[in-house]
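Engineer: Before I ask anything, let me first share the structure, which is written out below as structure tokens.
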Amino acid sequence: MDFLNAIVLLLNYTIIPALTYGSQLALGAIFVTLIYGVLRFANFATGDMMSFGTMVAVLLTFYFQSLGVNLGALPTALLAIPFAIIMMILYMLTIDKFVFSYYRIKKSPPVQLAMVSVGVMFVTQAIIRIIIGPFDRRFLDGEKFILKANEFKEMTGLNEGLTIKSTQAITIVVTIIVVSIMFWFLNKTKTGTSMRAYSNNEDLALLSGIDPKKVVMLTWVIAGVLATVGGVLYGLDKSYKPFVYFNNMLPIFAAAIVGGIGNPFGAFLGGYVVAFGEIFITYAYKKFFTYLLPESLEPDSLMQLLSTDYKFAVSFSILVIVLLFRPSGIFKGMKL
Amino acid sequence: MKQYLNVVTAYTIMIILIILVGIFQSWSVALSILNYCLISAVMTMGANMQWGYAGLINFGIMGYTALGGLAVVLVSVAPVPQAWKVGGVNMMVCMAIIIGIVFSVRYTLKKIQKSKKRNYIIAGIIIIGFILLRLISGPAIESIEAVEPAKTGFLGGLGMPVLFSWIVGAFFAGGLAYIIGKIALGLRADYLAIATLLIAEIIVSIIKHEDWLARGVKNVIGLKRPVPYEIDLQAAPWFINLVEKFNSGKLKLINSVSERQDVLNQLVIDASSVYVKLCMAGLFLTVVVTLLIITQKALYSPWGRKMRAIRDNEEAASAMGKNVVKEHLLIFILGSAVVGIAGAMMVTNDGLFTPGSYRPMRYTFVIWVMVIVGGTGNNFGAILGGFVVWFLWVEAGPMALFLINFFTGHLPETNALKIHLIESASYFRFLMIGIGLLVIMRYRPQGILPEKIVKN
């Protein structure tokens, strides 16, 4: 019985939150890695682009709510996502046309493109703050919990409760759907194959008649979907605040590099590596060991490796360690 | 002389702009802008050494700035004897353990060949050292932070003059740069950018959350100053006489004695803040000019030519027998040390250390915009960039407000769009900086004052 309690405790406080957070990071990390793989630059506007998509979704959600449209138990934001994705893609394509394409055609070094993306970051941040302001906004409605702690306790008779928030379930399900469609597209369809070819060897791909404009456009379309979905899921789970999205760019970069930048599958797993690392290292295991160990061995301290203040620092340390020992990332495997 | 014409014009325009702020807003505001411009100029000179001379991207400027600020606290604040009594010994032991870890890792790296065994040994050393650190520091930190938590709760500093901390800040930042350089300088340009950004975040989060070191997010206020305090000035007879002499014409027009005294008092209060800022500006200007002379000499010395050769073609330079790795590390350390000085200058200017305010937006990306806009590889350009961008960053809000009022003048006061725009006027600074960067990158990629190659 104690063993089961310990397992439920871990599930409730570490594994389920880590899976959720990891999914949100993974979507962002695939976005970073796609841009890096196909367009060949580190996009410092990542966090703010995600924020832009989320902002559109938030505004649409408020609009739908004022019209009285809702999805019952599900959050209204899900209804807003498709429209937000369209707006996001339009924004990205506009930026690409007026800013990035010039440097791509000129074949500028990646560093210059990265600096340009810093400019895009400033502009996007300004647009977001001018439109919606810097404040914290909650846009979650519908059913909040799928499983409440008390219900679980009554059901199983355990001491520890298991809570599953609806946002956690939605995040995981939506991530699985989006990511599997994306991998199916990249690996099984002809257009996806042409994208991978372009990323592997640009000159050879051009020789075999692949249209670079189409590849670039498709990349931004996929990136738009990933950015918006990732951003909205994060916003539903926590809350929408522009500044937080800018900060989230850092663990997302860490995830993409840990997974081997340019490798979408690596980025996907990298998201979970970073999330599990952050949560496992900063969790206090005192109660867990109290269940498992006999009473005489019970720990006095919190049994916490690092305080939760260092949550972000953990993911960056993972990155530094990976860069030191395997600069090309943990999962070299498949290249985009 | 002709080749310096654009430099002279650009700087004249900048100075006129600051004087205009002085006339239209107030001299106090103009001087604080000038001070921050000078501090930014030091930061951009540091970043320009790395990017302009050597082509290294360092997005970790925030971390060095924070370390420079930390140096001010650790050097100038008076020590807290009570805290040293309860936890000093343990913290010293921890320090020794950290040094021990570093040296034993270095020893293993040197003595044992590259293998899995070596990795395991290093991991073992670090993990054991970490556990020891936690065990020893845990109770000490608790007792240190319990010493008058509202006022101190930290070890305090050395109680030395604050100007000394500028040098210490440079050493702190240089030391950090040595470690980061050893870890990350082998990486490709964009990886290096991300790695330095993230390492700087780690540094800032340590400063933020280790309360025993510098009070963390509780901030340290009332730091020492290298210049007189306003309160002392307002009571000093020589200062009051000086103000009276300066404004004698104005004061003569007032007939009643009591009224004249009131006006004089007000003038003295205004003048004291201006005087303090002028003193600061003088100190900062000394630093900027000294650094400018040194960097300018370095840039056109054989060493500077070597750096440019490495920047423009690494392979060719290393084929000519130049040690690229060593030179990269050296310039990385020097540039970061300069940024460290700037960090210490900034905290000295503010008189308070607020670790929570170190954010990548303000302390990394804005500085980078300054370098790119001003002119990479040109020291005059870097300083100008610091001035122009900081000026825009501060004055963008008022300018945007003016423009909004101008364009929405025909709308009624209650118009929702107008109210919304006026409320968000301060965010137009991001827009202005972003568009400025994009325009410069596109139409003048070398910056306002491009790099000059002097051939002799």
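Engineer: What order, most packed first, do the peptides B:369-377, B:85-93 have when packing is the mean number of other Cβ atoms within 10 Å of each residue?
Structural biologist: Values: B:369-377: 27.6, B:85-93: 16.1.
In descending order of packing, they fall as B:369-377, B:85-93.
Engineer: Moving to a separate point now. With contacts defined as alpha carbon pairs under 8 Å and 6 or more residues apart, what's the relative contact order of chain B in percent?
Structural biologist: On the way: 633 pairs, mean separation 139.8, N = 456.
After rounding, I find 31 percent.
Engineer: Also: Specify which residue in the list B:Met91, B:Gly138, B:Ser104 is farthest towards the positive end of the charge dipole of the stretch B:82-155, using unit charges on the beta carbon of Lys, Arg (+1) and Asp, Glu (-1), about the Cα centre.
Structural biologist: The listed residue farthest towards the positive side: B:Ser104.
Engineer: Using alpha carbon centroids, what distance separates the stretch A:7-58 and the stretch B:310-367, in Å?
Structural biologist: Using only Cα atoms, the two centres lie 30 Å from each other.
Engineer: Ignore the peptide's own chain and count Cβ atoms of other chains within 10 Å of each Cβ in A:312-324; give me the average, rounded. Walk me through the intermediate numbers first.
Structural biologist: On the way: counts 5, 10, 2, 3, 9, 3, 1, 5, 7, 2, 0, 10, 5.
If you average over the peptide's residues, the count of other-chain Cβ atoms is 5.
Engineer: A further question on this structure: What net charge is computed for the residues neighbouring A:Leu306, neighbours being all others with C-beta under 13 Å from the C-beta of A:Leu306, Lys and Arg scored +1, Asp and Glu -1?
Structural biologist: -1
Engineer: Enumerate the lysines that A:Lys97 could reach by cross-link, defined here as Cα to Cα under 26 Å, with residues fewer than 8 away along the same chain left out.
Structural biologist: List returned: A:Lys106, A:Lys107, A:Lys190, A:Lys213, A:Lys214.
Engineer: Gaussian network model of chain A, Cα springs within a sub-10 Å range: biggest mean-square fluctuation belongs to which of A:Met50, A:Met92, A:Met155?
Structural biologist: Top of the fluctuation ranking is A:Met155.
Engineer: If a/c stays under 1.5 just call it rounded; otherwise compare a/b with b/c (prolate if a/b is bigger, oblate if not). Do that for the stretch A:1-62, with a ≥ b ≥ c from the square roots of the Cα gyration tensor eigenvalues. Walk me through the numbers before you get to the answer.
Structural biologist: Numbers: a/c = 5.18, a/b = 1.87, b/c = 2.78.
In terms of gyration-tensor shape, oblate.
Engineer: Where nothing but the Cβ of Lys and Arg (+1) and of Asp and Glu (-1) is charged, how large is the charge dipole of the protein assembly as shown around its Cα centre, in debye to the nearest 20?
Structural biologist: On the way: 63 positive and 40 negative charges, 533 e Å.
So the dipole magnitude of the protein assembly as shown works out to roughly 2560 debye.
Engineer: Where does chain B land at 222 nm, in deg cm²/dmol rounded to the nearest 500, when only DSSP H runs of n ≥ 4 count, each adding -39500 (n - 2.57), divided by all residues? Show your work: numbers first, answer last.
Structural biologist: Values: 19 runs with 337 residues, N = 456.
That calculation yields -25000 deg cm²/dmol at 222 nm.
Engineer: Check B:Val220: other-chain or 5+ apart residues with amide H under 5 Å from its amide H, H built from backbone geometry?
Structural biologist: B:Phe353
Engineer: Right, something else. Need the list of aspartates and glutamates near A:Lys144 for cross-linking: C-alpha distance under 13 angstrom, and skip anything on the same chain fewer than eight residues off.
Structural biologist: A:Asp237
Engineer: Still on this structure, please answer the following. DSSP loop (so not H, G, I, E, B), at most 13 other Cβ within 10 Å: list which GluC sites (Glu not before Pro) in the stretch B:361-452 pass both filters. Before the final figure, lay out the partial values.
Structural biologist: Details: sites: B:Glu395, B:Glu413, B:Glu423, B:Glu451; in loops: B:Glu413, B:Glu451.
Listed in order of number, the matching sites are B:Glu413.
Engineer: Can you pull a Stokes-Einstein diffusion coefficient for the stretch B:82-155 at 10 °C (1.306 mPa s), Rh from Kirkwood over Cα pairs, as a whole number of µm²/s?
Structural biologist: Values: Rh = 13.8 Å.
Result for D is 115 µm²/s.
Engineer: Longer than 24 Å from Cα to Cα, which of A:Lys286/A:Lys311; B:Lys277/B:Lys297; B:Lys114/B:Lys182; B:Lys85/B:Lys151 are they? Say none if no pair is. Before the final figure, lay out each step's value.
Structural biologist: Details: A:Lys286/A:Lys311 18 Å; B:Lys277/B:Lys297 30 Å; B:Lys114/B:Lys182 17 Å; B:Lys85/B:Lys151 17 Å.
In this structure, B:Lys277/B:Lys297 exceed 24 Å between Cα atoms.
Engineer: While we're looking at this one, here's another question. Counting alpha carbon pairs within less than 8 Å and at least 6 residues apart, what relative contact order, in whole percent, applies to chain A? Mind dumping the intermediate values first?
Structural biologist: Working: 517 pairs, mean separation 107.5, N = 336.
This gives 32 percent for chain A.
Engineer: Given N residues in the protein assembly as shown, what is Rg(Cα) / (2.2 N^0.38 Å)?
Structural biologist: On the way: Rg = 28.6 Å, N = 792, 2.2 N^0.38 = 27.8 Å.
For the protein assembly as shown, the normalised Cα radius of gyration comes out at 1.03.
Engineer: Percentage of Cα-Cα pair distances in the stretch A:2-325 greater than 37 Å, rounded to whole percent? Write down the numbers at each step before the final one.
Structural biologist: Values: 11342 of 52326 pairs.
More than 37 Å apart: 22 percent of the Cα pairs in the stretch A:2-325.
Engineer: Can you give the charge dipole size of the stretch B:70-119 about its Cα centre, rounded to the nearest 20 debye, using +1 on the beta carbon of Lys and Arg and -1 on the beta carbon of Asp and Glu?
Structural biologist: 620
Engineer: Right, next: Quick check: the distance between the Cα centres of the stretch A:206-254 and the stretch A:259-311, to the nearest angstrom?
Structural biologist: 27
Engineer: Compute the acute angle (0 to 90°) between the alpha-carbon long axis of helix A:110-132 and the principal axis of greatest extent of the alpha-carbon atoms of chain A; round to the nearest 10°.
Structural biologist: Computed tilt is about 60 degrees.
Engineer: Let me know the shape class of chain B, please: from the alpha-carbon gyration tensor, a ≥ b ≥ c as square roots of the eigenvalues, rounded when a/c is under 1.5, otherwise prolate if a/b is greater than b/c, or oblate.
Structural biologist: Cα axes put chain B in the oblate bin.
Engineer: Continuing with this model, one more query. When Cβ neighbours within 10 Å are restricted to other protein chains, what is their mean count per residue of peptide B:428-435?
Structural biologist: On the way: counts 3, 2, 11, 8, 3, 6, 11, 4.
Across the residues of B:428-435, the mean count of other-chain Cβ atoms within 10 Å is 6.
Engineer: Going through the stretch A:88-161, which GluC sites (Glu not before Pro) have at most 13 other Cβ atoms within 10 Å and a DSSP loop state? Could you put the intermediate results ahead of the total?
Structural biologist: Values: sites: A:Glu143, A:Glu151, A:Glu154, A:Glu160; in loops: A:Glu143, A:Glu160.
Qualifying residues, ordered by number: A:Glu143.
Engineer: May I pose another question? With only Lys, Arg, Asp and Glu charged, each at its Cβ (+1 for the first two, -1 for the last two), find how big the charge dipole of chain B is about the Cα centre; round to the nearest 20 debye. Before the final figure, lay out the partial values.
Structural biologist: Details: 38 positive and 22 negative charges, 381 e Å.
Charge dipole of chain B: 1820 debye, to the nearest 20.
Engineer: What angle do you read, to the nearest 10 degrees and between 0 and 90, between the alpha-carbon axis of helix A:190-200 and the longest principal axis of chain A?
Structural biologist: That works out to roughly 80 degrees.
Engineer: For peptide B:197-209, compute the average count of partner chain beta-carbon atoms within 10 Å of each residue's beta-carbon. Let's see the in-between values first.
Structural biologist: Details: counts 5, 14, 6, 1, 8, 9, 1, 2, 7, 3, 0, 3, 6.
Mean shielding count: 5.
Engineer: In degrees between 0 and 90, to the nearest 10, how far off the longest principal axis of chain B does helix B:324-350 point, with axes built from Cα atoms?
Structural biologist: 40
Engineer: With a 10 Å Cβ neighbour count serving as the proxy for reagent exposure, in which order, fewest first, do A:Ile128, B:Ile101 appear? Display every interim value, and only then the final one.
Structural biologist: On the way: A:Ile128 23, B:Ile101 18.
In increasing order of surrounding Cβ atoms, one gets B:Ile101, A:Ile128.
Engineer: Counting only C-alpha contacts under 8 Å and six or more residues apart, can you give the relative contact order of the stretch A:42-146 as a whole percent?
Structural biologist: Values: 79 pairs, mean separation 49.9, N = 105.
Rounded, it is 48 percent for the stretch A:42-146.
Engineer: Right, next: Please report A:Tyr234, B:Tyr275, B:Tyr120 as a ranked list, fewest other C-beta atoms within 10 angstrom at the top and most at the bottom. Intermediate results must be reported in sequence, preceding the final value.
Structural biologist: Numbers: A:Tyr234 26, B:Tyr275 19, B:Tyr120 10.
Ranking A:Tyr234, B:Tyr275, B:Tyr120 by Cβ neighbours within 10 Å, fewest first, gives B:Tyr120, B:Tyr275, A:Tyr234.
Engineer: Please rank A:Phe325, B:Phe171, fewest neighbouring Cβ atoms within 10 Å first, as an exposure proxy.
Structural biologist: On the way: A:Phe325 9, B:Phe171 15.
Sorted ascending by nearby Cβ count, the order is A:Phe325, B:Phe171.
Engineer: Moving on to the next point. What is the local net charge at B:Gly351, summed over the other residues whose Cβ is closer than 10 Å to its Cβ (Lys, Arg +1; Asp, Glu -1)?
Structural biologist: +1
Engineer: Another question, if that's okay. With a ≥ b ≥ c the root eigenvalues of the C-alpha gyration tensor of the stretch B:35-184, is it rounded (a/c under 1.5), prolate (a/b larger than b/c) or oblate?
Structural biologist: Working: a/c = 2.72, a/b = 1.02, b/c = 2.65.
In terms of gyration-tensor shape, oblate.
Engineer: Checking the cross-link filter: which aspartates and glutamates have an alpha carbon closer than 19 Å to that of A:Lys241, excluding same-chain neighbours under 8 positions apart?
Structural biologist: The reachable aspartates and glutamates, counting only those whose Cα sits under 19 Å from A:Lys241, are A:Asp48, A:Asp136, A:Asp141, B:Glu423.
Where a number appears in this text, it was derived from the coordinates with a stated rule and is not lab data. Worth saying up front: this structure is predicted, and the values here are computed from it rather than measured. Cβ: placed from backbone, ideal geometry, glycine included. Neighbour counts: every protein chain shown.
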